[in-house]
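Written out below as C-alpha cells is the structure these notes cover.
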Amino acid sequence: MKIRSPKRLAAKILVLFMALSVVPALFFGARLVLMASSHLDKDVNVWTKLEPAYAEHARTFHDGMKERLRKEIASFALYGSFIAAAAALFASGLLLRPLRKLTEGVRHIGSGNLHYRLPVQGNDEFAALSRAFNAMADSLQKRNDELGRKERYIEKMLDPMWVLDAGNRIFDVNPAFTKLFGHRKDEVVGRDAREFFDNANLPVFDLQMREKRERGFADVYELSIVCRRGNNIPVLISCSPIMENGRAAGEIGVFKDISMRKELEDDIVQKNKELYALNTIAAITSHSLDLIEILRNTVKEAIAITGMDAGGIYIADHEARELTCAGHVGVPEQFVARMQSFKFGEDLPGLVVITGDTVAVSNVSRDPRIFRHAVQETGMKGYLCLPLKSKDRVQGILCMLSAEEHLFTGSELEFLESVGHIVGVAIENIKFYNRERSRLTGLVDLEKNRAEAILSSITEGVYTTDRDLRITYWNRAAEEITGFRACDVVGRTCREVLAHEDEQGERLCRDRCVMRRGNNGGEALHVLCPTAGGEKLPTALTSAPIRDASGEETGRVNVFRDITRAKEIDRMKTDFVRTVSHELRTPLSAIVGMTEMLMDGEIREDKAAQEYLETIHTEGQRLASMVEELLDIARIESGRQEIRKQAVTVQPVVENCINLLKGRIAAKNITVTWQGPSGLPPVSADREKLHQVVFNLLNNALCYSDDGASVTIHGARRDDALALTFEDTGWGIPEQDLPHIFKKFYRSKPHARRVKGTGLGLPLVLEIVKSHGGSIDVQSAPAKGSTFTVTLPLAEDEMKKRNNESGNGSIGA
Amino acid sequence: MTKVLIVDDEPFVIRMLRDKLRNAGISVVSAVNGKEAVGLAMSERPDLIIMDWMMPEMNGIDACKAIRTNPEHAGTPIIMLTAKGQELDEKKGRDAGATYYITKPFSPRRILRLVEECTQPSGGGRA
C-alpha cells in the first residue's frame, strides 16, 4: 500500500477547499455585479427617458454605485478566498496534528526512547492508533529491557566468549575476551577465528569445528589461544553450535582460562619427573656397585630432568686434592680433555669441592664470578656446580651446562641437592665396598687359586653343577678322562654331557639320577660314563651337595675316577688267584694224597715208597718256588727288590738252565742250542736274578712251542752291553697281545688255554732287567716264533765307572 | 671185577689212585688226556670213570660229554677230580655229565669209598 505524505495530503485538501469555496464565491459575486450593472443601466435609461436632467445625475450615481459594487465584490472575493484559505489551512492542520504526533512517537521509539507514549484523547481513530502505538512501545520496551539484561550478563560475564558465524568469522566477543586475550572487539570482529590458533592448536580446532558443528552438539575441548601479545593461553572451550533450520549457523564459544591449572599440572608433572629421576638415581646407586655406571646414569638423569644440555661428574680424591672426571654427557669434544681434572681450588668445581655449596649460574657470560673458565669457551650459558656430599665430606662434583640461559628454580635446586646427597653417599659406599672387596678378593683369589691348583692337579675328575644340574666347573682330569673340554661342557646340563648308565647299561639320569640320590656323597657309585670318543668308561662317582649359608642345596660337587684300570687289575687279580689256587692244588694233591697213602700203609714196597717220597718232595719244591715267585711279585709291586750285583759270566747260567729244563726239552723233543763266542765278557748282575731271567725265557720258549721245535740262545757283545737272544720256532704271539705281554697277570688267550702259567714270568723278567739297568725287546710272528733280546750292562764298564767315581773321589779328597 | 678208568695228565695222580684201587681189588686202566679216555671208555667198558678237567688235546669236560653220548655209558658214574674249585666250575662239570665233583687236593681214601659205593650192586646209583 502506497503511503501518502500527510503534508501533501493537507496541501491537496487546501487547494480543493479553496477551489470549492472561492471559485463559487467569485462566480456568484461576478454574476451579482453583472446583474446590478445591468439593473443600474436600465435605471439610467429609464431616467434618461423620463428626466434626462436627472439621467445625467443618475448616471454618475449609478457609475459610482457600480464601482463600489465591483470593489465590494472584489474585496468580498478576496476576503472570502482568504477565509477559505484560512479555513482550509485550519482544517488541514486539524487533520495533520495526530499524524505529526504519531510521527514524533515513531521518531522517539526509533531513537531508542522506548519510554515515549502518545497521549490518548477521545475515542476516535487517532486514539485507537495511539493506543496501538503505545502497546507496541510497551512490548518493545519489555523486549528491550530483556535484551539489555542479557547484554549486561554477557558484558559482566567473567569467562570470555565469542560468537562465530557459519564461516567461522568472529561475530562478537565480550569484554572478558578482550581482558583475557587482549584483543579488542573492534579488532577481531569479522576476522577468521582460525587466526587465533597457532599451528599446534589449529588442527584440533578445525577438527572440532568440522565434527561438532556438522553433528550439531555442544562439546568442551582444550586449546590454546594466541593472545594479542603473541603468547598462548591454554583454555577450555565450551562450544555450542547455533542451529537454524537444522543447520549450524554459527557457534558460541565460552572460554575457561586454565593456565593456572596448566601451570599446576606442569608443576606436578615436573615434580613427578624429579621424583622419578630421584628414584631412578637411588635405584641405580643402591643396585649397582659400578661407580662409573652410577655416575654416568646420574648425569644422564639429571640432564634429562633439568632440560640442560651437557654434564660431567667428578670424583674427589682428598689425598691428591684433585677432582677427576668419571663420566660426561654432551660435552663438546674439544673441551673434554681440558675438563678432565681439576686441582682443589681450581676453576669452579675446584672451589665448590672446598666450600661445599652449590653454585648455579643462569648465564655464564654475564656472571662476574666466572672468568677465564673453559666453560665460557664452550659457548654454554647455564652452569651448575653441585657438590655430591656424603655425611662428612664432598665426594665429588656434578657439573651441568645448558646452551641457553637457564633459570634455576628453588625446587630444581632442591631436587638437585637431593640427587647430590644420594650420589655422594653412594660414592662413599662404593669406595668403601671397593676397598673391602679388593682386600677380600685378594684372600678369595688366593683360596681360589689354591683350590684351582688342587682340583687341576688331582687325578680324579671333578665337576660341579648348579641347582639345575648345569655344569659350572670341569677340571683337567675330567677333561683327560672323558675327552670333553671344559669350554664345551660348562653351561650344559650333566644329563646332556654325561648320560650315566649303570653297569648293566641302564640310564641313570632322570629318576635314578646320581645327584638326586644319596645326599651325603659317601659311597662311590660304579657308573658307565660316556666319553668324547663314544666309549663308555667304567667310573666310580661320588656326589656331594654344596650348601649355602642357610643350608639349602645350591649345587653339587661330583668326583669321578676312571676305574677301567682298577677293574682290569681286579679281574687280573681274580684270574691270578684262580690260576694260583689251581696251580697250588695240583702239587698239594701229591703231598696230601701220597702221605695219606703212606700213612695208611698202602705202599708196602720200599721202592714204591721211595718214589712216593720223591714225588712228594718234588711237588713240595714246586709249591715252594711258586710261593717264592709270588713273593717276588709282591716285592716288585712294593718296589723292594734286593739286587746283589757281581760280575757274572752268562754261559754257565744258560747251561745250568738248559740242564734244569732237560726233562721238558726231552719230553717235547726240542733242540736247544747255545751260540756264544768263548770270550764273552761277564755282565754285572745278581746271579740269582739272571738265572731267573734266563730260566723264564727259555722255559717260555719251550712251553709255547710245539714238539720238535728249536730254540737258539745267542750271546753277543753289543757296544758296552751284552745281548742275550732267545729265538724260538714256536707258536709266536698274536699281534694284539704283543704290547701287553709284560703286564702283570696278562696272558695271551690262545696260550693260556694250552699252557698252565701264572702270567708273572715276563713281568718278573722285565722288572729284573730294568732293575739291572738293562732292557728287553721282543719280536714275534704267529706260527713263526718269537725272539726275546735281553741287553745287560757289562761288568767291566760298571767296574770302570765305579773305579772312576772312587778315583775322582780320592783325588778330590 | 670192577674196572675203573682214571684220566689225568699228572702221572702221580694216576699212580696214586691206581695203587689205592688195586690194593682194594679194583682193576684200573688209565689215560693222560680226554681223547685217549674216550677211546678207552669204548674199548675197556669201565664201570666208573675218574676224570681230570685241565688236560692237553681234549679236556675233561669235552671227554665227559663225548662219553655220555654213548648209550652204554649213559649211567656210568663219572667222578670229576679237578683243581678247578669254583662253584661255577662244578656246575659246568655236572652239566657235562659228571656224577661227582671233587676238587684237588683229594683223599685217596675217599675216592676209594666213593668208587666202592658206586660199584656195589645195591648202592650203584647216581648221587
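The values are calculated or read from the model by the stated rules, or taken from the named source; none is laboratory data. Fair warning: this is a prediction, and the values are worked out from it, not measured in the lab. Reconstructed Cβ throughout: ideal geometry from the backbone, glycine too, with neighbour counts over all protein chains shown.
Here are a few things to note about the model shown:
- Yes/no for residue A:204 being touching a strand residue (DSSP E or B) at 6+ places or on another chain (Cβ under 8 Å), at pLDDT 85 or above and either aliphatic (A, V, I, L, M) or within 23 Å of residue A:242 (Cβ to Cβ) (or both): no
- Top-ranked residue of the range A:259-291 - restricted to ones that are of a type in the set (Ser, Thr, Tyr) and in a helix (DSSP H, G or I), ranked as modelled with the highest pLDDT: A:259
- Screening A:313, A:354 for residues that are surrounded by fewer than 16 Cβ atoms within 10 Å (Cβ to Cβ), closer than 23 Å to residue A:392 by Cα and either of a type in the set (Val, Ile, Thr) or within 28 Å of the chain's Cα centre (by Cα) (or both) leaves exactly one candidate, A:354.
- Check on residue A:571, surrounded by 12 or more Cβ atoms within 10 Å (Cβ to Cβ) and either closer than 28 Å to residue B:102 by Cβ or away from chain B (no Cβ under 14 Å) (or both): no
- Residue match in the range A:580-599 (condition: loosely packed, with under 11 Cβ neighbours inside 10 Å and within 14 Å of another protein chain (Cβ to nearest Cβ)): yes
- Pairing residues of the range A:461-472 that are at pLDDT 85 or above with residues that are crowded, with 17+ Cβ neighbours inside 10 Å and part of a loop (DSSP other than H, G, I, E, B), at Cβ distances under 6 Å and at least 6 apart in sequence or on separate chains, gives A:462/A:475.
- Taking the criterion of being surrounded by 14 or more Cβ atoms within 10 Å (Cβ to Cβ) and either in contact with a His (Cβ under 6 Å, 6 or more places away or on another chain) or within 28 Å of residue A:20 (Cα to Cα) (or both), the residues of the range A:36-71 that qualify are A:36, A:37, A:40, A:44, A:66, A:69, A:70.
- Being touching a Pro at 6+ places or on another chain (Cβ under 9 Å), of a type in the set (Val, Ile, Thr) and without any contact (Cβ under 8 Å) to a residue 40 or more places away in the chain is a property that residue A:497 has.
- Flag for residue A:95 being touching a Gly at 6+ places or on another chain (Cβ under 9 Å) and surrounded by 12 or more Cβ atoms within 10 Å (Cβ to Cβ): no
- Candidates B:74, B:37, B:83 - the one that is buried (at least 19 other Cβ atoms within 10 Å of the Cβ), small (Gly, Ala, Ser) and at pLDDT below 90: B:83
- If only residues of the range B:30-79 that are over 18 Å from residue B:101 (Cα atoms) and under 11 Å from the mean Cα position of the chain (by Cα) are counted, the one that is farthest from the other protein chains (Cβ to nearest Cβ) is B:41.
- Residues (more than 15 Å from residue A:424 (Cα to Cα) and in a loop (DSSP other than H, G, I, E, B)) located in the range A:309-329: A:309, A:319, A:320, A:321
- The set of residues in the range B:2-16 that are facing chain A (nearest Cβ under 8 Å), touching a residue at least 40 places away in the same chain (Cβ under 8 Å) and not aliphatic (A, V, I, L, M) contains only B:10.
- Search result, residues across the range A:194-240 that are touching a residue at least 12 places away in the same chain (Cβ under 8 Å), in a helix (DSSP H, G or I) and over 19 Å from residue A:165 (Cβ atoms): A:204
- The lone criterion from (1) surrounded by 13 or more Cβ atoms within 10 Å (Cβ to Cβ); (2) farther than 18 Å from residue A:427 by Cβ left unmet by residue A:301 is number (2).
- For the range A:248-269, the set of residues classified as touching a residue at least 60 places away in the same chain (Cβ under 8 Å) and of a type outside the set (Phe, Trp, Tyr) consists of A:248, A:249, A:250, A:251, A:252, A:253, A:254, A:256, A:257, listed by residue number.
- Condition check for residue A:611: part of a helix (DSSP H, G or I), more than 26 Å from residue A:730 (Cβ to Cβ), without any contact (Cβ under 8 Å) to a residue 12 or more places away in the chain and not hydrophobic (A, V, I, L, M, F, W, C): yes
- Selection from the range B:98-118 of residues that are part of a helix (DSSP H, G or I), more than 12 Å from chain A (Cβ to nearest Cβ) and buried (at least 18 other Cβ atoms within 10 Å of the Cβ): B:114, B:115, B:118
- If you filter the range A:118-140 down to residues that are crowded, with 17+ Cβ neighbours inside 10 Å and in contact with a Gly (Cβ under 9 Å, 6 or more places away or on another chain), you find that the one that is nearest to residue A:95 (Cα to Cα) is A:130.
- Qualifying residue in the range A:784-804 (condition: at pLDDT 85 or above and assigned to a loop (DSSP other than H, G, I, E, B)): yes
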